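Undergrad: One structure, as structure tokens, below. Some questions next.
Throughout, read-outs are computed from the coordinates displayed, never taken from laboratory work. Predicted model, so just to flag it, every value in this text is computed and none were measured. Every residue, glycine as well, gets a Cβ built from its backbone with ideal geometry; the counts of neighbours run over all protein chains shown.
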Amino acid sequence: MDYFERSVSWLHSDHPLAIATDVALKIAFALLLLLIGWQIARRLADGLRRVLSRTGADPLLGDFLRNVVFALLLSVVVVGVLDRLGVPTASLLAALGAAGLAIGLALQASLSNIAAGVLLMVFRPFRVGQSIEVGGVSGTVQNVSLMHTHLLTADNREVILPNSKVASDAIVNASARATRRIELGIELGAQEDVRLAMSEIRAIVEADPRILKQPATEIVVSGLTENGFKVAVRPWVQSSDVGAVQSDLLLAIRQRFEAAGIRLAQRELVFRSALPGVDAAKAAVEPAAPSRE
């Protein structure tokens, strides 16, 4: 019997030193497998993150998926190593599954936010810096984390929305398109020349370089009221110019109408006195200001 065979025979004997040596070799081999598996899992997870980065995915999403993949692969390696050492992995996996189920039920709301956050990062219905409206809240997107979406309102208040609510509600993205249409409503008096008023509005629109030529601005009679006509003005502008153009148009229309002698519709307010002996009705008239519809 050669040296190798004698060594193998000795390791399989009941000698205490042989048993200790066998256990040490198994542990060393298991640690080697664990190290190799850890390296492979890390490289695969890092490779996934690099691929996502090249495709333009959100860095936070890349880091999250990298960690998830690494944890799953490392779990497989650990279970394999334990099985190699003779540990009964079936009962261990059952215990881990039960623990995972209990944790999942306890953290159901948080996990739904994380799942929604991943979906928001993958499908990207909005980006940081865009103006959106969701859940009755309007603001500029400041940050999208795995749990929450942060909005900054026009009056400089920060609103933090759970991602599950953001993903389940209708999202209005005011910055998704380069251009937007403004809707203005002008009420004219019943005795006014509507065509003249529309011509004056057209001149204002054509003189403003911020208003796009295409699509063309619509200026139409949109309805009748008790006090006159309703004229709708629908110009197209760059999304970044919506607020400024809307304000400037209203001011310019009011000034132009005053210069041309065109009066806005007037509302009649009737006051009736409840005092004894006073039965005459007094009426006051006020102009109807242009509205933003």
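Undergrad: Sticking to Cα atoms, compute the Rg of the range 38-180 to one decimal and its Dmax as the biggest Cα-Cα distance, whole number, in Å.
TA: In Å, with Rg to one decimal and Dmax whole: 19.6, 68.
Undergrad: Please rank I262, I40, fewest neighbouring Cβ atoms within 10 Å first, as an exposure proxy. Spell out each step's value before the answer.
TA: Working: I262 20, I40 13.
With the fewest neighbours first, I262, I40 line up as I40, I262.
Undergrad: Continuing with the same structure: Multiply the residue gap between L224 and V51 by 0.36 nm, knock off their C-alpha separation, and tell me the result in nm, one decimal place. Working shown, then result.
TA: Working: separation 173, 0.36 × 173 = 62.28 nm, distance 6.01 nm.
Full extension from L224 to V51 adds 56.3 nm.
Undergrad: Under the definition of Cα pairs under 8 Å and six or more residues apart, what whole-number percent is the relative contact order of the range 125-173?
TA: Working: 86 pairs, mean separation 17.5, N = 49.
Relative contact order, the range 125-173: 36 percent.
Undergrad: Treat the count of other C-beta atoms within 10 Å as a stand-in for reagent exposure and order K165, K230 from fewest to most. Present the calculation step by step, with values, prior to reporting the outcome.
TA: Values: K165 16, K230 19.
Ascending number of Cβ neighbours within 10 Å: K165, K230.
Undergrad: Can you tell me the FRET efficiency between K165 and A260 if r is taken as the Cβ-Cβ distance and R0 is 41 Å, rounded to the nearest 0.05? Don't skip to the answer; put the middle values down first.
TA: Details: r = 50 Å, r/R0 = 1.23.
Computed FRET efficiency for K165 and A260 comes out at 0.25.
Undergrad: Would you please give the residues with an amide H less than 5 Å from that of T149, counting only those at least 5 places away or on a separate chain, with H modeled from the backbone geometry?
TA: When sequence neighbours closer than 5 places are left aside, the close amide H contacts are L161, N163.
Undergrad: Which Rg and Dmax, in Å, describe the Cα atoms of the range 125-173?
TA: Final numbers for Rg and Dmax: 9.4, 26 Å.
Undergrad: How far, in nm, would the chain grow between A102 and A232 when pulled straight, counting 0.36 nm per residue and subtracting the alpha carbon separation?
TA: 40.9 nm
Undergrad: Using a 10 Å cut-off around each Cβ, can you sort T149, T217 from fewest to most neighbouring Cβ atoms? List each step's numbers first, then the result.
TA: Values: T149 28, T217 20.
So the ranking, lowest neighbour count to highest, is T217, T149.
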